[in-house]
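Each remark here refers to the structure printed beneath this line.
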Amino acid sequence: MSLANGQRSKKLSLPLKIFPSMTISYNWLCDYFPDNLLQKPNPELVSRILTSIGLEVETLHPYSSVRGGLEGLVVGEVISVEPHPNADKLKITQVNIGSGEKLQIVCGADNVAASQKVVVALVGSTLHRESGESLQIKAAKIRGVESAGMLCAEDEIGLGKNHAGILVLPENLRPGMAVAEYFKPYTDFIYEIGLTPNHMDAMSHMGVSRDICAFLSHQDKKDYRVKLPTPPQFISDNKGPEIKVSLENHKDCGRYSSLTMTGIRISESPKWMQDKLKSIGIRPINNVVDITNFVLQETGQPLHAYDANEIKGNKIIVKNLPAGTPFITLDEKERKLDAEDLMICDGEGPLCIAGVFGGLNSGVKNTSTDLFLESAWFNPSSIRRTSFRHGLRTDAAIHFEKGMDISGTVNALRRAASLIREYAGGKISSPVGDQYPDPFPKTQIILKYHYLKKLSGKNYHSVAVKNILLALGFDILREGLDDLLIAVPFHKPDVQQPADLVEEIMRIDGYDHIEIPANINISPSIEAGREPAAMQEKITGFLVGSGFHEIFTNSISNSAYFSEAELETAVKMINNLSADLNIMRPSLLETGLESVSWNINRKNSNLRFFEFGKTYESSQPGQYAEINHCCLYLTGNLHYESWKGKPVGVDYYYLKGICSAICIMAGIKGKNLKANHPKLAGGLEFRQEEKIILVAGEVKSAILQKFDIRQPVFFADIYWDNLLDLAGENSIVFSELPKQVTVNRDLALIVEKSLPFETIENAVYNIGLQKLHGVQLFDIFESEKLGTDKKSMAISLTFLDNEKTLTDKEIDGMMNRVMKTAEEELKAEIRK
C-alpha cells in the first residue's frame, strides 16, 4: 500500500506546515534532465530558476545520509599505545594521519591497538552523534596529558549505534584519507518549494523538471525535453486471478487503472531508492511501499497497493455507501462514513476510502505475495471534502484534491509494476485494466497576441510564445495571424482561460524579466474614511517608539485554549486545516501567548508586543461578527542590566501608563474601574459610560501554564472599534502656547493603605481650580510609624495662569483648598 494512501510510514521529523509545499531533491531532478543538456545547472542556479518561474524556493540546504557528511574526519594509523600515567582506563596513542607529524590522542576505548586504521576527528571538526547531539573537537589536556583530536566509535560519527569501542577500518586504507571518501555517504541538495494552489503539476520531480527544461529551452534557444523513464516491454508474465473492476460512481472516479501481480517477495528496497526517499523526508518501509512512494514523488500520481488475497469475490467496486456505515481505517479507528464518501469495495464490503486512506486489512503486509495495484483519477472536490470530514490529510488526498493528470494513470501503473517486477521479484499476471467510461476532452483556449501584450506589458515574439507552450506540453491546434488555438495538457488542469496561458508564458520567460516601463501613469484619488487608518498609524508609531514590536498571529486557533463559555459563541471551522487549527479565535490573548512562548523558549524573554487583529463570534446560527482589537503583551525586563544599574522588570503600572497614553492620544476620557476579567488577575477596566475602551492586567498563571510560560505576562485588550467611535466624537481645538511658566507645589498626605491615587486625583480636580493643570503621584512611603494600615502619598500639583505670573498668595490659597478637601473628604492627614 502506498504511503500516499496512509501506510504506516511517515515523514521524518518535519514541522507542521499550514500551506502546501513540495520537497524536491536536486539529484532526483537531474535524473530527468535531457541528455542534450550537456552542462546541468548547479543547485544554486536551479534555485534561482525555480523562484524566477513562480516556484518560490523557501529553503535550500545540503543533505547527507550521515549527518554532517563525515566532514573533518580522516583515516589514521595507530603507531603506538601506552598506558595513561594518571588514569587506569585511559591510553595515550600516537597516530599517523598522513601529514608527516604524529598526533598524540588520549583514548578510553578498550579495543585500541597499534597498527589499527581508525577514524580520527581533527581539532576544529564537529561530531554529529547518532543520538542527535553535536560535539566540537578541541585540543584538551586530559588528566595532565595533551590530546589533539579524538578516535571515534561508530555511534559518535552517526554511522550506527555501537559504542563498544572505536571503529576499526580495513588495513588497506591510506592514512590521511577522508573518511567520507571511504564510506561515501549519499549527498544531495534539498529544496522546499512553496506551492500556490494552481501548481499541481509541480507536485512531482518530473513536473518541476519539465518547468526547468522549458525555462532553459527559452533562454538557450534550444529544445530541452524532460527525459521520461522508459519501462521495459510491458507484457504479462503469467495468468493470475482475474479481478473485475466496476465503477458505479464514474463522476467521482473518472478513470480507474489496475493491474494484478503475483509472486511478490516483501523485503528492503534498493539502497538508491532508500537514499532518494530519505533525502526528502520519507522513511523507507519495504520494497513495495517504497516503490509506490517513489512513483508518487516522481510522477505525482498516487498509487494504492492491495493484498490481492484480501479482495473478496475477486471484484473491485467503486461506489458510495449509506451514511453511517462503519469502517475501520489503517490507524485502527472506526469511522462513520458519509453518503458522499467515495469507497473502494470488494464483494463483501469496503476496503479503502478512495484517494484518502486505506482499510485495516487491505494493505500490503510482510507476508503478502499477490498484489492488486490501483492508479486512478478521483474528483478533487469529493476527495477534499472527505479528507477534511474525517481529518485525514494524507499525501494522496493532498495530491488528488489539486487535480491529477487523468492521462497519466496507466503510465504510473506501468512504471510501478516494472519496478516491483525488478526489485520484488513479482510477475505481471494480468493485462492493464483501464476503466475510462467518459474520456475527458482537452480544454481549448484561444490566445490573442494583443491580449498577451496588454496583460503582460511585454511584446512577445510569436515563435517564443509557441516554443514556450510546446515545451510545457501544450498543443497548438491552429495558428492565426493574431491568435493561437491551444489545447491544454491534462497535467495543467488549472489552465482554463487566456489569462492562465499568459501566466504560463510569463512564468517561463521569467518573472525577473518583466519589463518596468519608464513612465507610470496614475490617476490621483481622494481616499475616504482615512481616519481609522490614521489613528492606527499614530498609535503604531507611539508603540514602536516605546520599544514595542508588532506581531501578526493566525486568526485560526486551537479550541483547546478556550473555555466552554467562549466556545458556545465561537465560530468553528468546518474544513479545518488540522486538528490543532479548528476555530476562529474568540480572543487575541491566546494567539499572542503562542508568540510569547515561542520567543521565551528561544532565550528571548524580554518582550513587548502589540497586535491589531480581529476576534470572531456567532451569537446565532448563520450570524457572525468580527470585532477589532489592539492588544499589548509585555513580559520580562524593560532594560538590560548594565554598569548603570540593574534591570527593571515590566509591571502593571508600566502597562497602565502605556494604556493611559494611548487614550490621551485618542482624546478619550473615562473612568478606571476594577477589572473582572476571567483571564486576568486584577487589573483595570477603562470605560466611558457604557462603552468599554480597554481592559488591562496580569495574565493568570493557569492561562500561562497552557503555553508553558513561567514568567509574568501583562496584557491589555483595547476595543479598537469603541476607541475609534469615541475618538471620532472629539473635535480638534487650537490653544495658544502659554506665555507664563508653571508653578509646582508638593503635598504629602497620610491616608488609608487601601486608598488609590485615582480617588485623590478625582477629589483634587473636583475642587474646580481653573489654574490647576496637573496632579502627579511621585512617592509612596509605608512605615509603622505612620500608624496602622496607613501610608504616605506624595503628590505634585502644577499651577498655571495664562495671563500673568501667579503670586504666592494665590498659590497658597489654592493649596489651602486642596488640603482642606483632603482632610475633610479623604480623611487625610497633612504630613509636615
For Leu173 paired with Thr196, estimate the spin-label separation in nm (one decimal), with each label point 7 Å from Cα along the Cα-to-Cβ line.
5.1 nm
Need one value: the accessible area of Trp272 in square angstrom, 1.4 angstrom probe, rounded to the nearest 10.
100 Å²
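Quote the FRET efficiency, to the nearest 0.05, computed for Phe183 versus Asp88 with a Förster distance R0 of 41 Å and r equal to the Cβ-Cβ distance.
0.80
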Beyond 11 Å, the calculated P(r) of the range 745-789 holds a percent of Cα-Cα pairs equal to 72 percent
Using packing as a proxy for protection, rank 291-300, 337-346, 150-159 so that the peptide with the highest average count of other Cβ atoms within 10 Å comes first.
291-300, 150-159, 337-346
By average C-beta atoms within 10 angstrom, highest first, the peptides 405-417, 130-142
405-417, 130-142
Consider the candidate values (1) 6; (2) 35; (3) 20; state which one is percent of Cα pairs over 55 Å apart computed from the structure displayed.
(2)
Contour minus Cα-Cα span, Asp746 to Asp237, at 0.36 nm per residue, comes to 172.8 nm
Relative contact order of the range 14-132, please, whole-number percent, based on alpha carbon pairs below 8 angstrom and at least 6 residues apart.
22 percent
Under the helix-only model (-39500 (n - 2.57) for each DSSP H run of 4 or more, divided by the residues of the chain), the mean residue ellipticity at 222 nm, to 500 deg cm²/dmol, is -7500 deg cm²/dmol
Of Lys278/Lys466; Lys278/Lys336; Lys572/Lys700; Lys739/Lys809; Lys656/Lys785; Lys91/Lys603, which ones are farther than 29 Å apart at the Cα?
Lys278/Lys466; Lys278/Lys336; Lys656/Lys785; Lys91/Lys603
For the pair Leu724 and Lys454, how long in nm is the line joining their label points, each one 7 Å along Cα→Cβ?
3.7 nm
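Need one number: convex hull volume per residue for the range 688-763, Cα atoms only, in Å³.
Considering the Cα atoms of the range 688-763, their hull volume per residue is 241 Å³.
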If packing is taken as the average count of other Cβ atoms within 10 Å, what order do 784-793, 555-564 fall into, highest mean first?
555-564, 784-793
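With contacts defined as alpha carbon pairs under 8 Å and 6 or more residues apart, what's the relative contact order of the range 301-439 in percent?
On the way: 222 pairs, mean separation 33.7, N = 139.
Relative contact order for the range 301-439 comes out at 24 percent.
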Computed magnitude of the charge dipole of the range 165-249 (debye, nearest 20; Cβ of K, R +1, Cβ of D, E -1):
280 debye
Need the full-extension length gain, Val123 to Lys141, defined as separation in residues times 0.36 nm minus the C-alpha distance. One decimal, nm.
5.2 nm
Per residue convex hull volume, Cα only, the range 529-656, in Å³ is 146 Å³
Considering Cα pairs under 8 angstrom that are at least six residues apart, work out the relative contact order of the range 400-509 and quote it in whole percent.
31 percent
Binning every alpha carbon pair distance of the range 360-462 at 5 Å from zero, what are the percents per bin?
2, 9, 13, 14, 14, 14, 11, 8, 6, 4, 4, 2, 0
Distance (nanometres) between label positions extended 7 Å along Cα→Cβ at Arg393 and Glu690:
4.3 nm
Quick check: residue separation of Glu823 and Ile664 times 0.36 nm, minus the Cα distance between them. What number comes out in nm?
54.2 nm
Modelled FRET efficiency - R0 35 Å, Leu755 with Ile627, Cβ distances, 0.05 increments
0.45
Within the range 423-439: backbone nitrogen closer than 17 Å to the Leu477 label point (7 Å, Cα to C-beta):
439
Estimated FRET transfer efficiency when R0 is 30 angstrom, pair Lys538-Lys572 (beta carbons, to 0.05)
0.25
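The values are calculated or read from the model by the stated rules, or taken from the named source; none is laboratory data. Bear in mind the structure is a predicted one, so any value in this text is a computation, not a measurement. Reconstructed Cβ throughout: ideal geometry from the backbone, glycine too, with neighbour counts over all protein chains shown. Keep in mind that these areas ignore ligands, DNA and RNA; they rest on the heavy atoms of the full protein, side chains included. Shrake-Rupley method; radii C 1.70, N 1.55, O 1.52, S 1.80 Å.
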